[in-house]
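For reference, the structure discussed in these notes is given below.
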Amino acid sequence: MKLNINNTFSEELTADPILENSRRQVKNAFFSYVTPKKTSSPEIIHVSEEMLQEIGLQHGDENSERFLKIFTGNEVLENTAPYAMVYGGHQFGNWAGQLGDGRAINLGEVVHNNKRWALQLKGAGETPYSRSADGLAVLRSSIREYLCSEAMYHLGVPTTRALSLAISGDKVLRDVLYDGNPGYEKGAIVCRVAPSFIRFGNFEIFAARGDHENLKKLADYTIRHFYPHLGDPSKETYIKFFDEVAKRTLETVVHWQRVGFVHGVLNTDNMSILGLTIDYGPYGWLEGFDFGWTPNTTDAVNKRYRFGNQPNVGLWNLYQLANAIYPLVEEAKPLESILESYKSDFEEKSLEMMRSKLGLFINEDGDAKLILELEENLELSETDMTIFFRNLSKFTPSDDDGIRIVQDSFYNPEDLKGEIEFKWKEWFQKYKKRLQLEMLGNDERAKKMNAVNPKYVLRNYMAQLAIDEADKGNYSLINELYTILKNPYEEQSKHEKWFAKRPEWARHKVGCSMLSCSS
Ligand code: AMP
Ligand code: MG
């Protein structure tokens, strides 16, 4: 097993000189060296074959003793020195000060096929940033991160990825419901992979401390390695950098809205500087289409991170990043105008995205209204987002009964009467007329719609079923879901049972509709 190690973050940026693994404020440094905790009887339970190849390993390497040891924290790769990054963040709208990698340890970076990948163990033990927690992760949240990040990649959503999922053999104490009833759960470690794990919060911590020298070093490092096309460091380059981060963030948010993904904790420490979806915690998938839905119980009152607010939160977080990098630019105007264009770009990109979900490829003035009316209808009675859009591709301008075509998406078909039925009929009439203006034939339109409306997503109850099985030592459902979610836009008729509405038992079950940050 040979990896082409090529560390830049830890080579080019300043290390915390203190090597002791104690909780503390770390200043004038970008990271602290830390060794992963030894695990008692680790076992790899799944490996992403694709990521294995991406980082330059071979099929079969995952079965070696070394692979097991390295990716569960029991051995350190030669020529590397693992470390935890320092960052800060705004949590639920408030500045939270220093946070940092409290339970993530970076093993190092590899370069393969001209691509750079940082490898990071999540749940590998305490770091100087663990604050009051243990640096560990439980099996349930690790399965959720592992399956979802790979699924998002295959959906075409920018995301961090995952190489391996392992159980540690150690027990971890968690209070899932935050109700004073903690219990022991199986500990687990995911090896996550991304070009870089730098977050908005890495910039914010230096700005908050008035450390403009390190702020500049971080910006220059990030641009040099990840935005090299922007040119050498200068005010103009920093503005272009911010512009591109804003555009990438927006693009990712629009993808979330397209597939019905709700992140759940969009704090600025969970915002990737590369615009990737990062930190899969109490996320959820929309079942009933509902702009007001949030999976995160910690956010149940204010619903800051509800589905419909993700675009605004993306912008709010970009304001924090703009404030953080302001000392490098010293001019508010250009940053403000980028933030302004996020708003208009969002309108445009969102409309374009919704048009594609409806199979509308020419631009018509009434489209925004048609889409708005659809969204209103989807909220009239609980309607499964994934099934609705997937089945909508079967509707053609010669059909008179649209409701029948999408009927499987209604959780309570008996609601479809009176006013609600009338509104749907009216909408399908308008949609039918609108489709008549399109050039594409029905089959071709359906094909294009099916390429943006997934058939399979990681429904909340699906992940929970895989977790329940895995808790009993059976990992086959993890593999089954992993395999299906690699082709989310394909019909895969033998897996049709996963193209179904959430079963009733999952409606109020912990882990399915209610998720906490306890992980
Ligand atoms: P999150 O809300 O999961 O993004 O986490 C916010 C902060 O808490 C980050 O600095 C995490 O590293 C830290 N954190 C979360 N869970 C743990 C844990 N079990 N042990 C140590 N730090 C944690
Ligand atoms: Mg986080």
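The values are calculated or read from the model by the stated rules, or taken from the named source; none is laboratory data. Fair warning: this is a prediction, and the values are worked out from it, not measured in the lab. Don't worry about glycine lacking a Cβ; one is built from the backbone with ideal geometry, like all the others, and counts go over all protein chains shown. The accessibility values were calculated without ligands, DNA or RNA, using every heavy atom of the protein model including side chains. Shrake-Rupley method; radii C 1.70, N 1.55, O 1.52, S 1.80 Å.
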Quiz prompt | Exceeding the 31 Å Cα-Cα cut-off - candidates Lys343/Lys425; Lys115/Lys494; Lys333/Lys369; Lys2/Lys122 | solution = Lys343/Lys425; Lys115/Lys494; Lys333/Lys369
Quiz prompt | Per residue, in Å², the accessible surface of the chain once ligands and nucleic acids are set aside, probe 1.4 Å | solution = 40 Å²
Quiz item: Which angle between 0 and 90 degrees, to the nearest 10, do you get for helix 332-358 versus the longest principal axis of the chain when only C-alpha atoms count?
Solution: 40 degrees
Quiz item: Taking the highest mean first, how do the peptides 143-152, 470-479 order by number of other beta carbon atoms within 10 angstrom per residue?
Solution: 143-152, 470-479
Quiz item: So which aspartates and glutamates pass the test for Lys433, namely a Cα distance under 16 Å, with those fewer than 8 places away in the same chain ruled out?
Solution: Glu364, Asp365, Asp367, Glu373, Asp399, Asp400, Asp401
Quiz item: What's the extension gain from Glu352 to Asn302 if we count 0.36 nm per residue and subtract their Cα-Cα distance?
Solution: 15.0 nm
Self-check item: Whole-Hz ³J(HN,Hα) from phi, Karplus 6.51 cos²θ - 1.76 cosθ + 1.60, for region 451-456, glycine and proline x
Solution: 8, 10, 10, x, 8, 10
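By per-residue mean of other Cβ atoms within 10 Å, what is the highest-first order of 201-214, 393-406, 38-51, 14-27?
Output ranking for 201-214, 393-406, 38-51, 14-27: 201-214, 38-51, 393-406, 14-27.
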Quiz item: Extent of the chain along each principal axis, from alpha carbon coordinates, in Å, largest to smallest?
Solution: 71, 58, 47
Quiz item: In percent, how large is the relative contact order of region 240-356, given Cα pairs closer than 8 Å and 6 or more residues apart?
Solution: 30 percent
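Between beta-carbons, use under 9 Å as the cut-off and find the net charge around Phe361, counting Lys and Arg +1, Asp and Glu -1.
+2
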Quiz item: Whole-Hz Karplus ³J(HN,Hα) for region 410-416, in order, using 6.51 cos²θ - 1.76 cosθ + 1.60 and θ = phi - 60°, x for Gly and Pro?
Solution: 8, 6, 10, x, 5, 5, 7
Quiz item: Got a sec? What order do Glu287, Glu491 fall in by accessible area at 1.4 Å, biggest, i.e. largest, first?
Solution: Glu491, Glu287
Practice problem: Decide, for region 234-283, between rounded, prolate and oblate: order the square roots of the alpha carbon gyration tensor eigenvalues as a ≥ b ≥ c, take rounded if a/c falls under 1.5, and otherwise choose prolate if a/b is larger than b/c, else oblate. | Solution: oblate
Self-check item: Reach of Lys497 by Cα under 18 Å, taken over lysines that are not fewer than 8 positions away in the same chain
Solution: Lys455, Lys486
Self-check item: Under 18 Å from Lys240, Cα to Cα: aspartates and glutamates that are on another chain or at least 8 residues apart
Solution: Asp220, Asp232, Glu251, Glu330, Glu331, Glu336, Glu340, Asp345
Quiz item: On the accessible surface of region 240-356, probed at 1.4 Å, how many percent belong to carbon and sulfur atoms?
Solution: 50 percent
Quiz item: If r is the Cβ-Cβ distance from Tyr326 to Arg116 and R0 is 35 Å, what FRET efficiency results, to the nearest 0.05?
Solution: 0.80
Exercise. Rank these by accessible area, largest first, 1.4 Å probe: Lys357, Lys417.
Key: Lys417, Lys357
Self-check item: Shape category assigned to region 297-403 from the gyration tensor of Cα positions, a/c cut at 1.5
Solution: oblate
Quiz item: What percentage of the solvent-accessible surface of region 96-163, computed with a 1.4 Å probe over protein heavy atoms, is contributed by carbon and sulfur atoms?
Solution: 46 percent
Self-check item: Relative contact order %, the chain, counting alpha carbon pairs below 8 Å whose residues are six or more apart
Solution: 14 percent
Quiz prompt | Radius, Kirkwood style, for region 416-518 when every pair of distinct Cα atoms is counted (Å) | solution = 16.9 Å
